[in-house]
Amino acid sequence: PGTDFDFIIIDEDENHLQRGEIGQICIKSPATMLHYFNNEEATKKTFTKDGYLKTGDLGYIDEDGFIFFKQRQKRVIKVSGVGVFPSEIEQLVGSVPGVTNCCAISIPDPKLVHAVKLFVVATYFDEEGMRRTIMDTCRKYLIRWSVPKEIEFVKELPMTMLGKVDFNKLQIAEDTKRGLLNE
């Protein structure tokens, strides 16, 4: 009330979702762009039929109208058709004592199509003990599709200029290593 901003959550077919359901966050306001200059196709992809700007962010609106961000849509990993949020895995594993940083990416899987691989930076550890602790923690708190299939311990993770983990660089390196991309 009292603002010119309106938010909705949509599914992949642009159906409006109910409060609490996770989908793409969309906004309509006088502050959003109107269209792409001389690019009707990009405009159609970026706006819903009823004029909301698709943010590319996944989240939900709770019963009180608060918006909760879950993950960038591009980062969601589809494991056996189930959307897995790398940020949830990273937040949980990042809370394990001894873990200083981590990043989840997608790897191919013959049964699930995709699975999760986790890169972990740890201060000091017994690698097998740390792996067991991480897996036990993931199995306890995450849905089974989010539990990493592989864990690789590394000394450091690549970072962007903004100081965030460069998950794209990790994904490309892993895909190249697996022969999915040409070097």
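The values are calculated or read from the model by the stated rules, or taken from the named source; none is laboratory data. Being a predicted model, the structure only gives us computed values, none of them experimental. Positions of Cβ are backbone-derived with ideal geometry, glycine not excepted, and every protein chain shown enters the neighbour counts.
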* Asked: Considering only residues of the stretch 4-24 that are assigned to a loop (DSSP other than H, G, I, E, B) and either without any contact (Cβ under 8 Å) to a residue 24 or more places away in the chain or over 21 Å from the mean Cα position of the chain (by Cα) (or both), which is farthest from Gly83 (Cα to Cα)?
  -> Asp4
* Asked: Across the stretch 132-166, what is the total count of residues that are closer than 14 Å to Ile107 by Cβ and at pLDDT below 95?
  -> 0
* Could you list all residues from the stretch 89-111 that are surrounded by 17 or more Cβ atoms within 10 Å (Cβ to Cβ) and either under 18 Å from the mean Cα position of the chain (by Cα) or over 22 Å from Val165 (Cα atoms) (or both)? => Ile89, Glu90, Leu92, Val93, Cys102, Cys103, Ala104, Ile105, Ser106, Ile107
* Asked: Within the stretch 60-79, is there a residue that is at pLDDT 90 or above, within 30 Å of Thr133 (Cα to Cα) and out of contact with any Gly (no Cβ under 8 Å at 6 or more places or on another chain)?
  -> yes
* If you take the residues of the stretch 133-183 that are assigned to a loop (DSSP other than H, G, I, E, B) and of a type in the set (S, T, N, Q), which of them is farthest from the chain's Cα centre (by Cα)? -> Asn182
* Give me the pairs: first residue in the stretch 25-36 and over 20 Å from Phe69 (Cβ atoms), second residue acidic (Asp, Glu) and assigned to a loop (DSSP other than H, G, I, E, B), beta-carbon distance under 9 Å, and six or more apart or on different chains, which are they? -> Pro30/Asp4
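To keep it simple, each residue is scored yes or no on (1) over 30 Å from Leu112 (Cα atoms); (2) surrounded by 14 or more Cβ atoms within 10 Å (Cβ to Cβ).
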residue	(1), (2)
Glu12	no, no
Ile27	yes, yes
Leu34	yes, no
Lys45	no, no
Leu58	no, yes
Glu63	yes, no
Lys78	no, no
Gly81	no, no
